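Down below is the structure, laid out as structure tokens.
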Amino acid sequence: MEFIIKTLISAITLIGVSVLTPGFTVKGGVVGAIIAALVISFLNYLARQVMGEKGKGVTGFIVAVLVLIIARYFVPKYLMVTIPGAIIAALIIGLVDRFVPTTLR
């Protein structure tokens, strides 16, 4: 159940970021957002395994931008991201991640 809640929150966040951010577009509605959220979550998981505790602060932000850019190649049908769009999206997603209660993330 927790995985489903996290995925839905991530998908809703991606839709919101898509509306607010030029150069970051989620296509395919809710289904596209869920698929993009799953891919981004998987890539974040891999990055955390590689980076460990080094993936915090500025390094974590850079990794988040790279994850968004890489994710567009895995799901080009659902996610369109430019480099400036990835930077802005990573900032917004980081802020949302910071303020959403831990029990829901």
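Laboratory data are not the source of any read-out in this text; all were calculated from the coordinates shown. On a predicted model such as this, the values are computed, not experimentally measured, just so you know. Cβ sites come from the backbone with ideal geometry, for glycine too, and all protein chains shown count toward neighbours.
Before moving on, here are some points about what is shown:
- For the chain, taking Cα atoms only, Rg and Dmax work out to 12.6, 35 Å respectively.
- Computed from point charges on the beta carbon alone (+1 for Lys and Arg, -1 for Asp and Glu), the dipole magnitude for the chain about its Cα centre is near 80 Debye.
- Pairwise FRET efficiency - Val100 versus Phe74, Cβ, R0 = 35 Å, nearest 0.05: 0.90
- Restricting attention to the stretch 2-104, lysine pairs at least eight places apart or on different chains and with alpha-carbon atoms under 24 angstrom apart total 5.
- Relative to the globular-protein estimate of 2.2 N^0.38 Å, the Cα radius of gyration of the stretch 35-94 stands at 1.05.
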